[in-house]
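Participant: After the structure tokens below, expect a handful of questions from me.
The values are calculated or read from the model by the stated rules, or taken from the named source; none is laboratory data. Note that the structure is predicted; figures quoted are calculated from it, not measured. Glycine gets a Cβ as well: all are built from the backbone with ideal geometry, and neighbour counts include every protein chain shown.
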Amino acid sequence: MADTILLFAGLLILLSIVFSLLRLVIGPTMVDRVVAIDTLTVISLSLVALYAHLSGRFVYLDVALVYGLLSFLAVLALARFLEKGR
């Protein structure tokens, strides 16, 4: 039962990657593209967490935490850059 749930979670993650990449390519404004990139980082965090659970190595959760903090700072920097550029 747990394997089925993890497989379903992996499929949903892959589906969300497809939709986020679609938004990244089609997005008419730069803000749409930044949001798509931020969404892709959140999706990659969920992939790292899923892999940590499947492999039983929970040290990857620390990597995901650092990656999430860096992603948050990068989005803040991009938001400030886009705000000042206009």
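Participant: Cβ contacts < 8 Å: first residue closer than 15 Å to L12 by Cβ, restricted to the stretch 44-65; second residue of a type in the set (S, T, N, Q) and in a helix (DSSP H, G or I), any location; separation 6+ or different chain. Result?
Facilitator: Short answer, once both residue conditions are applied: L45/S71.
Participant: How many of the residues in the stretch 46-82 are basic (K, R) and closer than 14 Å to L6 by Cβ?
Facilitator: The qualifying residues number 0.
Participant: Moving on. Between a residue in the stretch 74-86 that is on the phi < 0 side of the Ramachandran plot and any residue that is modelled with pLDDT of 85 or more and of a type in the set (D, E, K, R), which pairs come within a Cβ distance under 6 Å, given they are 6 or more apart or on different chains?
Facilitator: Final answer for the pair search is V75/D38.
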